[in-house]
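Heads up, the thing below is written out as structure tokens.
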Amino acid sequence: MEITKNRQQWGTGVSDSKSNLTLRILIGMVLGVLVGRFFSLWVSEQTDTLINLGLFELSVKSFFIEGLFHIGGEIFVTSLKMLVVPLVFVSLVCGTCSLNDSAKIGRLGLKSVILYLLTTAIAITLALTIANFISPGEGAALTTDAEFEAATAPTFAEVIIGMFPSNPIQAMATGNMLQIIVFSILFGISMAMAGDAGKKLSLVFNDLNQVVLKMVTILMNLAPYGVFCLLAKLFAFLELSEVLKLGKYFFTLVAVLLIHAFVTYPILFKLLTGLNPVQFLTKMKATALFAFSTSSSNATMPVTLNTVTKKMGADNSIASFTVPLGATINMDGTAIMQGVATVFIAQVYAIDLSMADYLAVLLTATLASIGTAGVPGVGLIMLAMVFQQVGLPVEGIALILGVDRLLDMTRTAVNVTGDAMVTCAVAKSEKALDKDVFNSPSS
């Protein structure tokens with residue numbers, strides 16, 4: 001039977017019914033872009049003025065861009081990242097403990113990993129198909145003296161072994177999400193098996209969960225200001241000439257990302273849940289905008305968790321597992337970038353790729369999403385792996401780095417949408433999705 005409403009565990013959540021948080025974030029984004037372009041285009045070295053701060057002088061541009069906007073944006077993102085570890089640990093322990101069935105953990109894990117791999121495989125296939133049709137690299141006279149060296153990717157065996165923490169405190173200190181997930185699951189299962197002692201401790205964790213979520217609420221109310229600072233700084237330094245120079249590559253990649261978000265995900269969502277995909281996308285608006293602004297799935301994780309539980313009705317016992325896992329291994333946006341970049345660089349260097357090469361790209365990119373999970377700079381590591389697999393020059397990555405920052409923001413928005421889609425699909429399959437909450441009007 002479907003679960004009944006039980007929103008007490010999540011406290012009040014992030015309520016945007018009064019202030020329309022989505023609209024405020026959107027306004028912050030637009031103002032950030034406009035202010036950033038103002039400083040980039042109209043405040044030149046000749047027109048810039050100095051501000052005397054007593055001990056030293058700063059130009060107006062430096063004071064705002066490298067001062068206020070930089071500080072405001074970094075504090076906001078850092079504050080969100082500060083919540084990720086306690087939120088994942090406490091929420092996952094609560095969710096695992098409430099399952100009372102260790103076999104269900106394995107079932108959830110298998111369903112989640114299969115769906116994440118499926119969406120990644122679809123993403124890379126879509127990217128290769130559309131990129132070959134558009135041919136973004138044909139006729140592009142691009143050269144670079146820059147060299148690029150990606151870090152060495154760990155072997156699959158090393159990743160599996162590395163999932164188990166020898167020191168869980170160190171895993172939390174370094175933010176190793178896979179190790180945190182494993183430890184949290186083991187801790188939650190142990191609590192469920194510990195009898196009265198586990199029940200007493202579960203009450204403490206449920207209270208901690210509400211406190212952490214209240215912290216998320218506080219920070220989300222500051223989101224429009226943080227978004228403004230982040231985008232104002234980005235667009236003050238963004239070289240639009242780089243975007244124009246790589247225009248065909250840039251817009252091909254953006255097009256594939258949008259198709260995956262607005263076509264692939266809704267179709268899969270409808271097939272797997274039977275629910276309205278338009279409602280799903282409508283309720284993802286604020287989360288996607290937030291992910292676009294922060295360019296970090298981990299920083300967006302508290303918002304994604306709130307969205308899938310409070311707005312879409314997925315039970316915490318499911319969402320607390322699938323969302324952190326998705327933020328770690330779901331790389332649909334990165335897979336799309338790899339597909340388009342592979343075709344683009346092959347055409348720039350006039351290298352013909354066979355069907356076998358494209359199948360190798362598909363397999364490598366899909367499996368690498370798990371094989372490189374939790375590794376810093378994972379996107380570029382995966383791209384270097386793909387290039388090496390099909391014999392493309394790795395230094396070609398330097399050609400596309402100039403526009404990658406803006407594209408990374410779009411990829412992140414796609415990734416968190418995929419995290420939410422898989423969470424709802426898994427929750428529905430486990431009869432742990434409240435349809436009344438999902439069908440309720442968006443605030």
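Structure notes:
- L201 vs. criteria part of a helix (DSSP H, G or I), over 29 Å from L406 (Cβ atoms) and in contact with a Lys or Arg (Cβ under 9 Å, 6 or more places away or on another chain): no
- Taken over segment 159-173, the criterion of being assigned to a helix (DSSP H, G or I) and either surrounded by 13 or more Cβ atoms within 10 Å (Cβ to Cβ) or within 24 Å of the chain's Cα centre (by Cα) (or both) is satisfied by V159, I160, G162, P168, Q170, A171, M172, A173.
- Pairs, first within 17 Å of T282 (Cβ to Cβ) and without any contact (Cβ under 8 Å) to a residue 60 or more places away in the chain in segment 260-271, second open to solvent by 90 Å² or more (accessible area, probe 1.4 Å) and in a helix (DSSP H, G or I), C-beta under 8 Å, six or more apart: P266/V278
- Residue in segment 268-303 that is modelled with the highest pLDDT, counting only those that are of a type in the set (S, T, N, Q), assigned to a helix (DSSP H, G or I) and closer than 19 Å to I329 by Cα: T287
- Qualifying helices (runs of 4 or more DSSP H) (wholly inside segment 207-267; at least 2 residues being modelled with pLDDT under 90 and open to solvent by less than 20 Å² (accessible area, probe 1.4 Å)): 223-237, 247-259
- Within segment 174-192, the set of residues being among the polar types (S, T, N, Q) and not in a helix (DSSP H, G or I) comprises just one member, N176.
- Remark: G188 matches the filter, which requires a residue to be at pLDDT 80 or above, surrounded by 18 or more Cβ atoms within 10 Å (Cβ to Cβ) and more than 23 Å from the chain's Cα centre (by Cα).
- With respect to the conditions (1) open to solvent by 10 Å² or more (accessible area, probe 1.4 Å); (2) closer than 18 Å to I181 by Cα; (3) not charged (D, E, K, R), T304 lacks only one, and its number is (1).
- Just one of the listed residues (S354, S296) is surrounded by fewer than 24 Cβ atoms within 10 Å (Cβ to Cβ), without any contact (Cβ under 8 Å) to a residue 24 or more places away in the chain and of a type in the set (S, T, Y), and it is S354.
The values are calculated or read from the model by the stated rules, or taken from the named source; none is laboratory data. In this text the structure is predicted, and so the values were computed from the model without any measurement. Heads up, the Cβs are rebuilt from the backbone with ideal geometry, glycines too, and the neighbour counts pull from every protein chain shown. Ligands, DNA and RNA are excluded from the accessible area calculation, which covers all protein heavy atoms including side chains. Shrake-Rupley method; radii C 1.70, N 1.55, O 1.52, S 1.80 Å.
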